[in-house]
1. Scan the stretch 81-92 for residues that are aliphatic (A, V, I, L, M) and either surrounded by 15 or more Cβ atoms within 10 Å (Cβ to Cβ) or within 10 Å of F117 (Cα to Cα) (or both) and jot them down.
2. Report the residue count in the stretch 213-250 for those that are in contact with an Asp or Glu (Cβ under 6 Å, 6 or more places away or on another chain) and among the aromatic types (F, W, Y).
3. Scan the stretch 119-171 residue by residue and report those that are polar (S, T, N, Q), assigned to a strand (DSSP E or B) and touching a helix residue (DSSP H, G or I) at 6+ places or on another chain (Cβ under 8 Å).
4. Could you grab me the full set of residues in the stretch 251-299 that are in contact with an Asp or Glu (Cβ under 7 Å, 6 or more places away or on another chain) and among the acidic types (D, E)?
5. Being surrounded by fewer than 17 Cβ atoms within 10 Å (Cβ to Cβ) and at pLDDT below 90 is the filter; apply it to the stretch 93-110 and report the residue that is farthest from L274 (Cα to Cα).
6. Can you name the residue in the stretch 213-231 that is closer than 30 Å to P107 by Cα and more than 29 Å from the chain's Cα centre (by Cα) and, of all such residues, is surrounded by the most Cβ atoms within 10 Å (Cβ to Cβ)?
7. Being of a type in the set (A, V, I, L, M, F, W, C), modelled with pLDDT under 85 and touching a strand residue (DSSP E or B) at 6+ places or on another chain (Cβ under 7 Å): is that true of V160 here?
8. Among helices (runs of 4 or more DSSP H) lying entirely in the stretch 15-115, which contain 2 or more residues that are outside the structural domain of V205 (by TED's automatic domain parsing) and in contact (Cβ under 8 Å) with a residue 40 or more places away in the chain?
Amino acid sequence: MELRHLRYFVAVAEELNYRKAAERLRVAQPALSTQIQDLEHDVGVRLLDRDTGGVRLTAAGAVFLEEARRILAQAQQAVVLAQDAAKGRRGRLTIGYFAPIFMGLMPASLKTFREKFPEVEIVLVEMAIADQLAALDTGVIQIGFTVARGTPLPRNLKHVEVARSPIRVVVGRGHRLARKSSVALAELGEEQLLCFGVKKGAVSVQGEIIRQFFVARRLKIRPLQQIDGVEAFRATLESGHGVSLIAESGSIGRSRDLVLKPLKETAPDLFVELHALWRADQNSQLTANFISVMLEVADKSKTSGRVRPP
């Protein structure tokens, strides 16, 4: 039994006339009669009574008609759902992110995306950048994020910049630098610079970026002190024991006990660039739609000057 048989039967059952049903289906009447006979043979019971008075549904045919209609409707729904999924309008999208460096772009992007694609389920998974790379490779997540000049990217990943935020000096409110209007990188040479690591023994992406700022300008700094754990890093800064450099729109600086100060220097590298990542061999319209929304939201934020933490 095929869906074709069900469509033919429904047409005959609704028209109660083979000629009209054949015209509706645009098939030859003899071929239609043969298909109905094949269907009845498969079902094992007579579904239609035929005589000189016309065509009538049997009791079994009346029951079969309702079920046939339901099956055809479900089949059509399956087609619609599959088409929606292919267009990225339906499905599940798992996104990896790292909150301490994440820009305020995500909340606005999620809101806009859900307005455009309400049938898509979004799952956010917080994980370190290195873990995101592994999760992308295995397909655990479809989209991840990294910071430019941070962790080297495998060749099998594509990426695009979705946000850009200036670097700021972050200090506790009681620190001497908190009273300055701006701070030069050279002034930080004798300060204890802090960086955070996501877990013990893991290389700090933030620390590597900070080192690059000073190496590029041939400025000497004391050895960086890595603090394992974001909350411990924040608490150490709040206590006044050390300073750091972070993205203005990251989440770490959102504390009443911390102060962000602009750098006196202006240079193209004194920014944190957030890049969205996805597998090069991943031909997913769902992924493409989300990244497109992020770029749209980022562009509007730049235009309005409202790039702020959530």
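1. A85
2. 0
3. Matches in the stretch 119-171: T146 only.
4. Answer for the stretch 251-299, where residues must be in contact with an Asp or Glu (Cβ under 7 Å, 6 or more places away or on another chain) and among the acidic types (D, E): D257, E273.
5. Out of the qualifying residues, it is P107.
6. Per the stated criteria, the residue is I227.
7. On the way: of a type in the set (A, V, I, L, M, F, W, C): yes; modelled with pLDDT under 85: no; touching a strand residue (DSSP E or B) at 6+ places or on another chain (Cβ under 7 Å): yes.
In short, no.
8. Numbers: elements: 18-25, 29-43, 59-86.
Here the list reads 29-43, 59-86.
The values are calculated or read from the model by the stated rules, or taken from the named source; none is laboratory data. Everything quoted here is computed from the prediction, not taken from an experiment. Cβ atoms come from the backbone with ideal geometry, glycine included; neighbour counts cover every protein chain shown.
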